[in-house]
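The values are calculated or read from the model by the stated rules, or taken from the named source; none is laboratory data. Nothing here was measured: the structure is a model prediction, and the numbers come from that model. Cβ: placed from backbone, ideal geometry, glycine included. Neighbour counts: every protein chain shown. Keep in mind that these areas ignore ligands, DNA and RNA; they rest on the heavy atoms of the full protein, side chains included. Shrake-Rupley method; radii C 1.70, N 1.55, O 1.52, S 1.80 Å.
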Amino acid sequence: MTSASPTVKIRATEAAYDRIEQMIATLQLEPNQPIVESDLIQMTGLGRTPIREALMRLIASGLIEQQPRRGLRVSEIRIAEHLILIETRRVLERLIAGSAARRATAGQRAALLQAAHDMTEAARQGDLAGYMAADQALDRVTHEASRNPYAVQAIIPMIIQCRRFWYAYRHEGDLERGARCHLMLAEGIHANDPERAIAGADALMDYLMEFTHTVIEG
């Protein structure tokens with residue numbers, strides 16, 4: 001019997017990570033919920049090894065916590081710390097946006113603009129699933145275009161935490177404003193204009209800060 005190639009194993013782990021991350025971000029796996037490997041295998045249709053490797057990455061990013069003698073659980077949403085998280089994310093978003101504006105290929109610039117327009121249309125229609133999918137696509141291309149794997153590795157857990165926070169309190173949110181901020185960012189990158197892209201990143205972080213204040217004060 002031939003074992004799976006390293007490339008196939010990596011793809012399986014990435015698929016497991018993406019699926020579990022999505023379930024955490026959209027609260028299909030709720031804060032403080034125990035993690036049961038057999039349940040995840042059934043839910044994802046993936047094997048035990050990629051599930052375990054994905055869980056190790058999620059533990060390292062803080063989305064899943066390992067409890068002594070009690071196994072794994074989804075980390076809780078820490079509202080009091082969320083403003084600090086956004087302050088930190090802002091620094092990385094500015095770096096990534098500026099880098100992407102300078103380094104993106106023509107194909108990446110076009111893909112970013114399309115994802116931003118998809119977000120705008122989804123927001124107009126109130127299509128939450130479409131909005132979230134376009135948001136993830138925009139992030140993925142922006143991160144690739146930045147060519148800064150260190151910044152990307154640092155920011156991804158923060159983005160997931162923000163996405164989960166937003167999803168949990170989305171009744172306080174404004175889809176159309178969020179889409180406009182992403183469009184501003186994408187247009188800056190598309191135009192090879194780092195300052196404009198950074199302004200878009202700042203607008204997005206301003207929106208997330210205001211959103212968080214609304215949740216805390218409400």
* **the chain: calculated mean residue ellipticity at 222 nm from DSSP helix runs of at least 4, using -39500 (n - 2.57)** => -25500 deg cm²/dmol
* To do: Any chance you could get the radius of gyration and Dmax over the Cα atoms of the stretch 1-127, in Å?
  => 18.2, 53
* Could you state the orientation-averaged shadow area of the convex hull built on the Cα atoms of the chain, in nm² to one decimal? => 13.3
* Structure fact -> In whole percent, the fraction of accessible protein surface over the chain that belongs to carbon or sulfur atoms, probe radius 1.4 Å, stands at 52
* To do: May I ask you to derive the FRET efficiency for ASP206 and VAL91 from their Cβ-Cβ distance with R0 = 22 Å, giving the value to the nearest 0.05?
  => 0.95
* Distance between modelled label sites at ILE79 and ASP39, nm, 7 Å Cα→Cβ extension -> 2.5
* Asked: Between GLN33 and residues 5 or more places away or on another chain, which pairs have amide H atoms under 5 Å apart, with H built 1.01 Å from N, and which residues are they?
  -> VAL74
* To do: Provide the convex hull volume over Cα atoms per residue for the stretch 156-218, in Å³.
  => 76
* So what's the stretch 93-186 giving for Cα Rg divided by 2.2 N^0.38 Å, two decimals? -> 1.05
* Would you mind working out the magnitude of the charge dipole of the chain relative to its Cα centre, with +1 at each Lys and Arg C-beta and -1 at each Asp and Glu C-beta, to the nearest 20 Debye? => 800
* Asked: Which FRET efficiency, nearest 0.05, do GLN153 and GLU217 yield, Cβ-Cβ r, R0 45 Å?
  -> 0.85
* To do: Take each of the peptides 127-135, 64-72, 194-202, 41-49, average the number of other beta-carbon atoms within 10 Å over its residues, and list them starting from the highest.
  => 194-202, 127-135, 41-49, 64-72
* To do: Please give, to one decimal in nm, the separation of the simple spin-label points placed at ARG124 and ASP193, each 7 Å out from Cα toward the Cβ.
  => 2.2
* Structure fact -> Residues whose built amide H sits under 5 Å from the amide H of ILE64, excluding neighbours closer than 5 in sequence, are ILE59, SER75
* **Ordering of 94-102, 157-165 by burial proxy (mean other Cβ atoms within 10 Å per residue, highest first)** => 94-102, 157-165
* To do: Take each of the peptides 183-192, 10-19, average the number of other beta-carbon atoms within 10 Å over its residues, and list them starting from the highest.
  => 183-192, 10-19
